[in-house]
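The values are calculated or read from the model by the stated rules, or taken from the named source; none is laboratory data. Keep in mind it's a predicted model, so treat the numbers as computed, not measured. Positions of Cβ are backbone-derived with ideal geometry, glycine not excepted, and every protein chain shown enters the neighbour counts.
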Amino acid sequence: MLFADVLVSQQIKQLLINTVNHQRVSHAQLFLGQTGTHTLGLAIAYTQYISCQNRTETDSCGVCRSCLKYKNLAHPDLHFFFPNALTTKVKKDNESASFYNEWREIVTETNALFSLDDWYAKLEIENKQTYINKNDISRILEYQATKPYESEYKVFIIWMAEKIYAPMGHKLLKILEEPDGKTLFILISENSGQILPTILSRLQLVKINKFNTKDYTDIISQKLDYTPEEALEIASITDNNLIDAFHVDRRKVMEKENFNRFISMMRSAYRICYFTNDPKKINFHEIAVLIKELASLGRENQKSFLRYALTLVRKCILTNCGASELVKSSAEEAEWLVKFFPFINKENGDKVVNAINEAIRNIEQNAHAGILFTDLILLLGQLIQYGDKRLHK
């Protein structure tokens, strides 16, 4: 992959190019970027540039033997590690290498611009936790002890480093601190707070920010042939997320589904706590159907739904704080926010956020989904009631 193909700021590209041309390549780096940034593409372009046999001042040549192997993700000194789990196809001893064909396909098809959920869908993982597991760590230790085959560096790109299986993380510490001089580690993460602090302290940070709205709309207008008006609407819908821009139709469907689920969840919470003394007004069948639906989504989709719920809660908080100009919403969301935002305010906003974050953590700990969502609905009802100023006059 060429730097020219990577959708990040020219400043970041030049920073990395300079480390190569000035021989200041750090042996262990963290590429940190939010979901929707082209962080993986940047890592591939950077390591291709390092290995290129005829690089220029601005990019890889793209045609030398090394570049052609990088294009096919088939360079013998390039190693990828990523979250994985047992599947119907791989029923034991799973590791990243078990899914390399799927990895090559998704990276090639999307120009390395895809999300963790996209990867799970590719593997057809539904209700399983994924890790960069002990087999992967053992493989890293094995490979790093060998000499490079063709290039100056052995390259290890660890995608979603927050998914490193924590009990095995300490085994990486020594090689990150004292690697072979010809070894390069690039860890890619969306949340550095979930990486072991001892690992984090050994990495040089490269932060990749989202584009501002003007640059974002310029890019998607050029790449996807949108009018300026269409591009601006997509920027609002996707919050400047490049992945969603390239899958905007799918994003709309998923967001619509989560929006309807969120409304049902909050409506159920409202009714349970406001009509305790009049149970006839509570549709228990509807609540049971909702809980069954949420429980059937699978862990990753449950977390996606709750993360979406957090965005709506934060929009309510911003609106209550007089910062509605910072809120980007679809027309349907905006119509709903006008009615609902008074119930999420400074009295209860932080508690609602904490409740949803705690639910996400419990899902990651394999909590029973039916019990979890039942408890969450009850708790949200109490918090909505607590935040209703009419009840405290």
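Here are some notes:
- Neighbours by Cβ (under 8 Å, 6+ apart or cross-chain): first from segment 152-166, part of a helix (DSSP H, G or I); second of a type in the set (Ser, Thr, Tyr): 161/189; 162/189; 162/192; 163/130; 163/131
- Residues considered: 153, 120. Of these, the only one that is in contact with a Lys or Arg (Cβ under 6 Å, 6 or more places away or on another chain) and surrounded by 15 or more Cβ atoms within 10 Å (Cβ to Cβ) is 153.
- Scanning segment 161-180 for residues that are of a type in the set (D, E, K, R) and at pLDDT below 85 turns up 174, 177, 178, 180.
- Number of positions in segment 285-307 that are part of a helix (DSSP H, G or I) and surrounded by 16 or more Cβ atoms within 10 Å (Cβ to Cβ): 13
- Near pairs, Cβ below 7 angstrom, 6+ apart or cross-chain, from segment 274-293 (aromatic (Phe, Trp, Tyr)) to any residue that is surrounded by 13 or more Cβ atoms within 10 Å (Cβ to Cβ): 274/385; 275/282
- Each residue in segment 183-193 was checked for being closer than 21 Å to residue 7 by Cα and surrounded by fewer than 21 Cβ atoms within 10 Å (Cβ to Cβ), and 2 of them qualify.
- Checked against the criterion of being β-branched (Val, Ile, Thr) and part of a helix (DSSP H, G or I), the candidates 108, 58, 88 yield just one match: 108.
- For segment 38-81, residues that are among the aromatic types (Phe, Trp, Tyr) and over 25 Å from the mean Cα position of the chain (by Cα) total 1.
- Filter result (farther than 28 Å from residue 143 by Cα and hydroxyl-bearing (Ser, Thr, Tyr)) within segment 181-221: 213, 216, 217, 221
- Hey, residue 180 free of Cβ contacts under 8 Å to residues at least 40 places away in the same chain and either more than 24 Å from residue 330 (Cβ to Cβ) or small (Gly, Ala, Ser) (or both) or not: yes
- Within segment 350-385, considering residues that are surrounded by 19 or more Cβ atoms within 10 Å (Cβ to Cβ) and touching a Cys at 6+ places or on another chain (Cβ under 8 Å), the one modelled with the highest pLDDT: 381
- Residue-level check: of (1) of a type outside the set (Gly, Ala, Ser); (2) modelled with pLDDT of 95 or more; (3) loosely packed, with under 14 Cβ neighbours inside 10 Å, residue 48 misses just (3).
- Here the condition is being crowded, with 21+ Cβ neighbours inside 10 Å and either of a type in the set (A, V, I, L, M) or touching a strand residue (DSSP E or B) at 6+ places or on another chain (Cβ under 7 Å) (or both); of 173, 196, 224, 203, it holds for 203 alone.
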